Amino acid sequence: MPSATSLKPSANALGVLINDILDLSKIEAGKLDLVPQTFAPRDLVETLCKSMAVKAYEKGLEFFIDVSGISHSQVTMDKNRFTQILNNLINNACKFTHKGYIWVRAWDETCESGDLQLYVSITDTGIGISEQNQAKLFEAFTQAKSTIAIHYGGTGLGLSISRQLAILLGGNIHFTSTEGKGSEFTVVVKADKAIEDTPETQLPLKDKRIALCASNKNVKHWAERICTTLGAQVYGADSLPASQSGVQYNRKAVDALIAEQDCLLDSPYSDALESGEYDTLPPILLMTAPGEELKFQYRAGPVIQLYKPVSENEIVRALQGDRLSARERILPVPDSDEVDSQTLKQIKGASVLIVDDNETNLAIAVGILEHLSLTIYTAANGLQAIDKLKSLEQQNTPCHCVLMDCQMPVLSGYDATQRIREGMAGELHTNVAIVAMTANAMSGEREHCMACGMDDYITKPLNFFEVQQSVISFITKAYSNNDAEQTQAEQALEAVKSPEMHVSDIIAWDKNAALKRLRGKESLYKKVCGLFVQRLPMKIQELDDGLKVEAFDEIRKSAHALKGMCADIGAHQIAAALQNIETDAAKGGSPEHLIASFEEVKAQLWQLLELVESYLDNG
């Protein structure tokens, strides 16, 4: 008999169907009430797209966002129903597209009557819709082919509900499609004007000179369109304007370069990067797909990494010099991890709270920071973190930076951050710097962290340079009595050292790669290995127990914990196998397949345990 857990996917599908039927019945009965809200349409479209684009990049697609045609910074309408429409249309594009791209474009128009209409088009290079099936596309419980539900799932209600919602919002949905080539769906709705952009806000990049370096023609077309619409003059990387010094890639030639990695390595800029002529480089906005490894060691220069899909807002912020997260800005890479004496003196006595339910991660974070003469506190979940901050406030002792894990029992890092911002940890810490520690490096995670009130985010496994850099950056801003605080903060960032990283072959246990990540601090690494040896048998047993009773959530959690433990010590191949088990468990996969997969991984884990024990005994 199937367990309750194994029925979860079917229950979720049934829940979606019931909600769709309820929406449809309310619409047909004329009882669906609209709730107008004032919101920023650019932010809504960009945020929704960045969160949904994760599915596209997992399939190897490109995803483009273009909101440059929106001329109103705020509009009023039913935001939730409009979001429901967009969510359905973008989800369909991701579902039915297997190669190529998805392009979301938004713009507004003022009619002769004075009404404002908001448009969003979603173009894809997916499977398309045959002519004979197009007429019935918006009928309830109908899909283009009978095989669609089998291969892709769905209720056949999404498009029908979306069109009726669009009509309720004073608009409609139109589409064009060619079978085998793709589709374009355009939704138009009526909105009340709230705030119209001024000429200055419409052209934030006016008179900026930007060079584009992209091998993908669609990426190049998208970037050129965005930058031109925002007021910039755009050049190809191989046809830059002449500079006074005669050097094509001199800073005076352009104000910025927007580049993809492969194209950058073949551009005129690569020579300057390799030879160290950093003063000749303009700011470089490096666009990379989520999870894409850096193929060049950016030793210096103002290189800013932006994860695709890149939004208009990110480009504007980067080129206007707004603070970006430590993970976005690739800083100069000096030769050691020593911090200069002036910075050490400035931050001495400052306090840091590290929050994580994983004691290995706590040990690593403490080990990275303990040489900086900081006062370090720890907590195992968000609730403990709030209690600790309250206690410090009662002692009139401020905390200057919080490293916050995102996924924790009792109270998550996301929820804890929101409560801290609401003053539930005391007024003294309402604006304390909070840096997320997350194992999720996918696009959209940064936006999620920022939306919760976090200031920055770093990814796991924790990197020595990244943790140290972020903490010093925030402490020098919050804990300094020197009038030259801003200058010292910049010097502090320059002073943090990171090693030259080499891509190593992935093997069962790569001690050297793990040691490099911890700046060669073997004593700290041995401590991490000791925790691995101590915890591994218990975690293996927990996963075994979950498999016996088909408790998929427990299987997922145990696989996630084991994956992190293996990644911490450099066993990346085993960690990747555990990631597959975690993913399969989250989807409610076949118990037989999960058991077989773990039996294979378990044998490797016991072998790894012997190797680590031998290393600790003989090292």
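Taking 18 Å as the cut-off, the amide N atoms of the range 166-180 that come nearer than this to a point 7 Å along the Cα-to-beta-carbon line of residue 34 belong to 166-174.
Where the centre of each part is set by its Cα atoms, how far does the range 453-472 sit from the range 544-619, in angstrom? The distance from the Cα centre of the range 453-472 to that of the range 544-619 comes to 26 Å. What separates the Cα centres of the range 56-97 and the range 39-53 is a distance of 7 Å. Computed from the C-beta positions of residue 610 and residue 393 and an R0 of 41 Å, the FRET efficiency is 0.25 to the nearest 0.05. The coefficient of translational diffusion for the range 505-619, derived via Stokes-Einstein from the alpha carbon Kirkwood radius under 20 °C and 1.002 mPa s, stands at 149 µm²/s.
Projecting label points 7 angstrom from Cα along Cα→Cβ for residue 592 and residue 181 puts them 4.5 nm apart. In the context of the full protein assembly, residue 77 retains an accessible surface of approximately 10 Å², using a probe radius of 1.4 Å and ignoring ligands and nucleic acids. Of the solvent-accessible surface of the range 354-437, computed with a 1.4 Å probe over protein heavy atoms with every protein chain present, carbon and sulfur atoms account for 43 percent. Under 14 Å from a point placed 7 Å out from the Cα of residue 348 along the Cα-to-Cβ direction: which residues of the range 372-405 have their backbone N that close? Counting only backbone N, you get 372-375. From the alpha carbon centroid of the range 167-198 to that of the range 343-404 is 49 Å. Quick one: which of 390/563; 79/460; 308/521; 79/308 span more than 30 angstrom between C-alpha atoms? Pairs exceeding 30 Å: 390/563; 79/460; 308/521. Restriction of the trypsin sites (Lys or Arg not before Pro) in the range 66-108 to DSSP coil positions whose beta-carbon has at most 12 other beta-carbons within 10 angstrom yields 99. The gain in end-to-end length when the residue 203 to residue 422 segment is fully stretched comes to 75.3 nm, 0.36 nm per residue minus the alpha carbon separation. Rolling a 1.4 Å probe over the heavy atoms of the protein chains gives the range 505-589 an accessible area of 43 Å² per residue.
With a 10 Å radius around each residue's Cβ, average the other Cβ atoms per peptide and rank 545-557, 466-478, highest first. Display every interim value, and only then the final one.
Details: 545-557: 18.2, 466-478: 22.7.
Those peptides, ordered most packed to least, come out 466-478, 545-557.
In a DSSP loop and with at most 16 other Cβ atoms within 10 Å, the GluC sites (Glu not before Pro) in the range 54-141 are 112, 139. Each other residue within a Cβ distance under 15 Å of residue 93 adds +1 if Lys or Arg and -1 if Asp or Glu, for a net charge of +2.
Kindly sort 49, 111 by accessible area of their heavy atoms, largest first, with the probe set to 1.4 Å.
111, 49
The values are calculated or read from the model by the stated rules, or taken from the named source; none is laboratory data. Here the structure is a predicted model, which is why all the values come from computation and not from measurement. Cβ sites come from the backbone with ideal geometry, for glycine too, and all protein chains shown count toward neighbours. Surface accessibility is based on the protein's heavy atoms, side chains included, excluding ligands, DNA and RNA. Shrake-Rupley method; radii C 1.70, N 1.55, O 1.52, S 1.80 Å.
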